[in-house]
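The values are calculated or read from the model by the stated rules, or taken from the named source; none is laboratory data. None of the values given here were measured: they were computed from a predicted structure. Glycine gets a Cβ as well: all are built from the backbone with ideal geometry, and neighbour counts include every protein chain shown. Just the protein is used for accessible areas: all its heavy atoms, side chains included, with ligands, DNA and RNA removed. Shrake-Rupley method; radii C 1.70, N 1.55, O 1.52, S 1.80 Å.
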Amino acid sequence: MSAPTSAPAPTVPVRPVGLGRVLRSEWIKLWSLRSTYWTIALTLLAMLMLALLMAFAAGAVASEGSFAPDEVGLDGLTVLGTAYGMAQLVIAVLGVLVVTGEYSTGMIRSSLTAVPTRLPVLAAKAVLVAAVSFVVGVVGIALAYVLTMPMLADAGGAADLGDPDTLRMFWGTGLYLAAVGLFGLAIGTLVRHSAGAIAVVVGILLILPTVLQLAMNGLDWLRDIYPYLPTTAGDRIITAGGPDEAMTGMPGMPELLDPWVGYGVFLAYVAVALLAAAVLLRRRDA
């Protein structure tokens, strides 16, 4: 009597983990976090509040009649150009938390185990952070334009949508915030701790330019490097022709870069930070 033969074990198809599947996974993780919704809401709120505050100031100056709004730098373009100020901080925090949140919970181990090459995880996070930041920036500046338009009727009117500077500001706000989000992601990957990474990002993006402005008197080398600081160069795509342009004419202030040149310099900083993050992500333990 022959021994019974066992049925062959069912085969389970194994598919390689491609970037598309990693993107889908990161998309689910991003929108499953409550902090994502809070960050986006705070970004839009910050953009609207700053724009409304500047529009109110422009209307007040126009109602007094002592000065024309454009004489004190409160035209429609300048009002929109202030909207990104606090939003960049919130977007930078979003970029940091996208990666440091996983380190704090230990989920990063599961992510890197599922994707042993590791770099697709960072690439997927970068794509999502850049896309979300860009859309939020453009939507925020569009809402700021619509809400401030009635308030600027007596202050020279809203910014002209047919003006190339206005169009550059609309798209440039999204591009600048996308770069800020990527910079936050890179620093978060390098530091791997939320509080520490946020402190580094805030120091580089917001505090460093202020410190150099205060310290550059009499120091030519500080004046020479000031236009090449990350935010000083990067936000030229938004503020060229606005308040930064007026600041250039102040005593002791250096000449700032052209809009797209400045943005290119900022992207170089982002690329270097992301490259360093990619190298360390491959080399360090999770």
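So the values come out like this:
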item: Matching entry among ASP220, ASP285 (being of a type outside the set (Gly, Ala, Ser), within 30 Å of ARG109 (Cα to Cα), modelled with pLDDT under 85 and more than 22 Å from the chain's Cα centre (by Cα)); result: ASP285
item: Filter result (open to solvent by less than 50 Å² (accessible area, probe 1.4 Å) and either in contact with a Lys or Arg (Cβ under 9 Å, 6 or more places away or on another chain) or part of a helix (DSSP H, G or I) (or both)) within the range 98-108; result: VAL98, VAL99, THR100, GLY101, GLU102, TYR103, ILE108
item: Options VAL22, VAL79, VAL93, VAL99; residue that is of a type in the set (A, V, I, L, M) and modelled with pLDDT under 85; result: VAL79
item: The range 270-286 residues that are buried (at least 19 other Cβ atoms within 10 Å of the Cβ), paired with ones that are of a type in the set (Gly, Ala, Ser) and part of a helix (DSSP H, G or I) (beta carbon under 6 Å, 6 or more apart); result: VAL270/ALA179; ALA273/ALA186; LEU274/ALA186; ALA277/ALA186
item: Of all residues making up the range 30-54, the number that are touching a residue at least 12 places away in the same chain (Cβ under 8 Å) and over 20 Å from GLY85 (Cα atoms); result: 3
item: Test result for ALA215, surrounded by fewer than 24 Cβ atoms within 10 Å (Cβ to Cβ), in contact with a Phe, Trp or Tyr (Cβ under 9 Å, 6 or more places away or on another chain) and modelled with pLDDT under 95; result: no
item: Condition met for LEU274 (under 19 Å from GLY81 (Cα atoms), out of contact with any strand residue (DSSP E or B) (no Cβ under 9 Å at 6 or more places or on another chain) and at pLDDT 90 or above); result: no
item: Number of the exception - GLY252 against (1) surrounded by 14 or more Cβ atoms within 10 Å (Cβ to Cβ); (2) at pLDDT below 90; result: (1)
